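The values are calculated or read from the model by the stated rules, or taken from the named source; none is laboratory data. Remember, predicted model here, so these are calculated numbers, not experimental data. Because the Cβ atoms are built from the backbone with ideal geometry, glycine has one as well, and the counts that use them run over all protein chains shown. Just the protein is used for accessible areas: all its heavy atoms, side chains included, with ligands, DNA and RNA removed. Shrake-Rupley method; radii C 1.70, N 1.55, O 1.52, S 1.80 Å.
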Amino acid sequence: MVVIDEMESYLSDRSGAGDSTHKLEEVAEFLRQIQEANENRVLVIAMTNMLEKIDPAILRKGRFDHHIEVGLPSTEEIENLLNFLIKDISVEKGINTSELSKKLEGKTLADVNFVIKEAALISGKNGLDEVSLQSIDDAINSLPKKQERRRIGFGD
């Protein structure tokens, strides 16, 4: 198995390469190698946040046959992660992870993880022995306000 992350950084559309022979050769070599990997039963998984920037030849059937969009988590998934993240830390009584998950709807699981870690830091800086709801709200408010809906990956 081979996993390629951020594949748009080196396999971008060749039509925008201009006179860059290096870029053209790089993509052409990848196309040869992906075929060899398929023949040798090597599973290749590639990930990108910018599918539209990938060279169309790479996306054709026989190279990456399956494109899988990974969307944002549901409120249930967020709540499950919140419960997992706070199970081993001291938190203020009355914190409702169901309500918090609604506040975090539309955010990534990485954002949820950040919120709990940031809330713990804020609580500590404020001299608290437990993570407070106010610290969690402050951490949520420190997240970017607008999140673009993006494709996160595709694989073979």
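Largest mean-square fluctuation among Glu79, Glu52, Glu39, in a Gaussian network model of the chain whose springs join Cα atoms under 10 Å apart, belongs to Glu39.
Can you give the accessible area per residue of the chain, in Å², using a 1.4 Å probe? Mind dumping the intermediate values first?
Values: 9830 Å² over 156 residues.
The answer is 63 Å² per residue.
Between Asp13, Asp55, Asp129, the residue with the greatest mean-square fluctuation in the GNM of the chain (Cα pairs under 10 Å linked by springs) is Asp129. Note on Glu76 and Met1: the extension gain reaches 23.9 nm, defined as 0.36 nm multiplied by sequence separation minus the Cα-Cα distance.
Of the accessible area of the chain, with the probe set at 1.4 angstrom, what percent is carbon plus sulfur? The computed percentage sits at 51. Measuring how big region 83-137 is from its alpha-carbon positions, Rg and Dmax come out at 10.6, 31 Å.
Relative to the current alpha-carbon distance between Ile68 and Tyr10, full extension at 0.36 nm per residue lengthens the span by 18.9 nm.
If a spin label sat at a point 7 angstrom from the Cα of Asn96 along the line to its beta carbon, the backbone N atoms of region 105-145 nearer than 16 Å would be those of 105, 133-134, 137. Each label was represented as a point 7 Å from its Cα along the Cα-to-Cβ direction; for Leu109 and Asn40 these points are 3.1 nm apart.
Run through every distinct alpha carbon pair of the chain and return the Kirkwood hydrodynamic radius in angstroms, one decimal place.
Numbers: mean 1/r = 0.0542 Å⁻¹.
18.4 Å is the Kirkwood radius here.
So, in the chain, how many Lys pairs have Cα atoms under 15 Å apart, if the pair is 8 or more places apart or on different chains?
Details: Lys23/Lys53; Lys87/Lys117; Lys102/Lys145; Lys103/Lys145; Lys103/Lys146; Lys107/Lys145; Lys107/Lys146; Lys117/Lys125.
Lysine pair count for the chain: 8.
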